[in-house]
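What follows is a single structure, written as C-alpha cells, with notes after it.
The values are calculated or read from the model by the stated rules, or taken from the named source; none is laboratory data. Keep in mind that what you see is a predicted model, and the values were worked out from it rather than measured. Note that each Cβ is placed from the backbone with ideal geometry, even for glycine, and that neighbours are counted across all protein chains shown. Surface areas here come from the heavy atoms of the whole protein model, side chains and all, with no ligands, DNA or RNA. Shrake-Rupley method; radii C 1.70, N 1.55, O 1.52, S 1.80 Å.
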Amino acid sequence: MNKLYIFILAVLAPLGVFAQEKVCLSLEDCREMALMNDPYIRNSHLDILAAKAQKQEVLAEYFPSLRLQGFGFRALQPLIKINAVDILGDNKTGQFVQDVFVKLSQKNGTEPYFSTLEYGYGANLTLTQPLYAGGRIVNGNRLARLGIEASKLKREITLRTKKEEIGKAYWEIVALEQKRSTLNSLDSLLRELEKDVESGLDAGVLTNTDLLQIKMKKNELKTGSIQLDGGMKLLKMNLFNAIGQPYRLLRTSSGSDAPFLDDITLTDRPDSLLPPDNYYISEEEIAAGVPERRLLELMVDSKKLEKKMALGEVLPSIGLGASYGYSYTLNGRVNGMVFGIASIPITDWGKASRKLERLDYQVEKAQNESRYLRSQLLLQAHQLWLDLNVAWEKMQVAQENVALAEAAVRDLMARFHAGMTTLSEVLSAQAKLSEASEGLVDSRIEYSKALTEYTGRK
C-alpha cells in the first residue's frame, strides 16, 4: 500500500507543475506592479522624505540651541609661578624678601614662590536664541519647502515616464501576439490550398512543382514563426523584469512557484480605438498642467532665494543667550550670565558683492531657460497631437489595405479553382495579405502608444 502511495505521488508531482494556474495581466495591472516594484519610483518617494527631513532640519534654526560644554587641563608646569622679586621688583627690597622666603621654605619644606593653574576643570550650559540672521533662516525654510515640492513633481514625472515605458513594452508584445495570429491564419490558408493542390495533382491538373511551392511557403512561415516566438519571449522577460512579475523559462523546472513564461498572458487589445478628436485637449492646457512647467517656476524661485541667502551673509546677525556652569581653576565656584551677540561683517562686502552679481546672472539665466522650455513644452504638446493624428491616418490606410488584400485573395482563389490563374499568383496575393495584416497590427499599436503618451499629459 505504501509503495502504491509513493508511486502515485511520484506520478502526480510533475503534473502539479503542468497544472500551474495561468496568469492574466492587463495593462493597468502591469503599471500598478511597476509602480510598486520599480526601484527608481521607490527612490523618488525616499527623495520626498529626505526633502521633508531637510525642512525639519532647517526649521530647527528658529528655536534656541542648548549646548553643554565641559573642559579640563593638566599642565606639565604651573601656568603661573610668582616670587617676591616678580612682585616687588629686582631691587634690594625684593631680594631681601625673596631671601627670607627661601630660608622659610627650606625650614618648612615648601617652595619659595607661589604657583597655580597646574590643573583645572569645569562645565557650563549655554542657551542661545537667534533673533535676526539677515533673513537666512526664513529664506532657508522657504528653500526647503521648494525642495519638497520639487521632489513631489519629479516623482510625478517618474511615475508618468514609467507608465509610458510599460505601455510601450506591453503593446509591443501584443503586436507580436497579433502577428502570430496572422501567421496562424496564413498557415490555415496554406493547408487548405495544399489539399486543393494535392487533389489537382491526383487529377493530373496540377504539377508536383505547385506542391513544392506550397511546402516551401509553409517552411518560410515556420521560420518566421520561430523568430517571432523568440522575440516575444525576450520582450516578455523584459516587461516582467520591469514590473517584478516572477516567471520561469522551463515548464518542467521544479523548486519554483513562478508560472511558466508562456502561461502569463496579456489581456488588453487595441480593438476599440476612437478617432483623435475624442481625446483632444488644448495644447495650452497640456503645457500648463505638466509637472515640468511648475519645475521651471521652482527653478527660478530657488535661484532668487539663493541670492537672498547670499545677501543675508553680509547683513547683521543678532542673538541672545544665557550661560550657567561651574569651574575650578584658582578655586571652585558656580556662576551664570546673560549676554547678547551682534555680528556685523565688514570686510566681506567686497566678496559678497561679487557673489551677488554672479547670482544675479544665474537668476537671469534661469528665467531665460524657463521661458524657452515653456515654449518647448507647448511645442511638445503640438507634436503629441500631430503624432496622434498621423498614427490614426496610417491606421485607416492600413485597414483599407487589408480589405483590398482580402478581396484580392478571394478573387484569385476563385480563379485558381476555376483554373484561370496560377498558384504563384495566389501565393503572392496571400503574402501581400499577410504583409497588410501585419501593417494593420503595427499601425494599431503605434496609435495606442501615441494615445497613451498624449492622454498621459492630462
### Unit charges at the beta carbon, dipole of the chain: most positive-side option, Gly94, Leu373, Tyr113
Gly94
## Note on the structure
Between the Cα axis of helix 349-417 and the main Cα principal axis of the chain, the angle (0 to 90°, nearest 10) is 10
### Message
Taking 25 °C and 0.890 mPa s as the conditions, I'd like the Stokes-Einstein D for the chain in µm²/s, using the Kirkwood hydrodynamic radius from alpha carbon pairs.
### Response
77
### Query
What size of dipole, in debye to the nearest 20, comes out for region 362-402 about its Cα centre when the only charges are +1 on Lys and Arg C-beta atoms and -1 on Asp and Glu C-beta atoms?
200
#### Entry: For the chain: relative contact order, % (alpha-carbon pairs under 8 angstrom, 6 or more apart)
22
### Task
Treating the angle as unsigned and between 0 and 90°, give the value, to the nearest 10°, between the Cα long axis of helix 291-312 and the longest Cα principal axis of the chain.
10
### Query
Glu435: accessible area at probe 1.4 Å, nearest 10 Å²?
130
#### Entry: Whole-Hz couplings from phi, Karplus 6.51/-1.76/1.60, listed for region 445-452; x for Gly and Pro
5, 4, 5, 5, 5, 4, 5, 4
### Message
With the cut-off at 1.5 for a/c, could you classify region 235-322 from its C-alpha gyration tensor as rounded, prolate or oblate?
### Response
oblate
### Query
Using alpha carbons only, how many degrees (0 to 90, rounded to 10) separate the axis of helix 39-59 from the longest principal axis of the chain?
20
#### Entry: Cβ charges +1 (Lys, Arg) and -1 (Asp, Glu), total dipole of the chain, debye
2480
### Message
Given contacts defined as C-alpha pairs under 8 Å and at least six residues apart, what's the relative contact order of region 351-458, whole-number percent?
### Response
36
#### Entry: Heavy-atom accessible surface of the chain: percent carbon and sulfur, 1.4 Å
57
### Task
Would you work out which of Ala150, Leu131, Gln69 lies farthest towards the positive end of the dipole of region 32-152, given +1 charges on the beta-carbon of Lys and Arg and -1 on that of Asp and Glu, about the Cα centre?
Leu131
#### Entry: Mean ellipticity per residue at 222 nm, deg cm²/dmol - from DSSP H runs of n ≥ 4 across the chain, formula -39500 (n - 2.57)
-24000 deg cm²/dmol
### Message
Only four residue types carry charge here, +1 at the Cβ of Lys and Arg and -1 at the Cβ of Asp and Glu. Report the dipole size of region 212-298 about the Cα centre in Debye, rounded to the nearest 20.
### Response
920
### Message
From Cα pairs below 8 angstrom and at least 6 apart in sequence, can you work out the relative contact order of region 186-316, rounded to a whole percent?
### Response
11
### Task
Rank Thr252, Met232, Ile264 by how far each Cα sits towards the positive end of the charge dipole of region 222-304 (+1 on Lys, Arg Cβ; -1 on Asp, Glu Cβ) and give me just the farthest.
Thr252
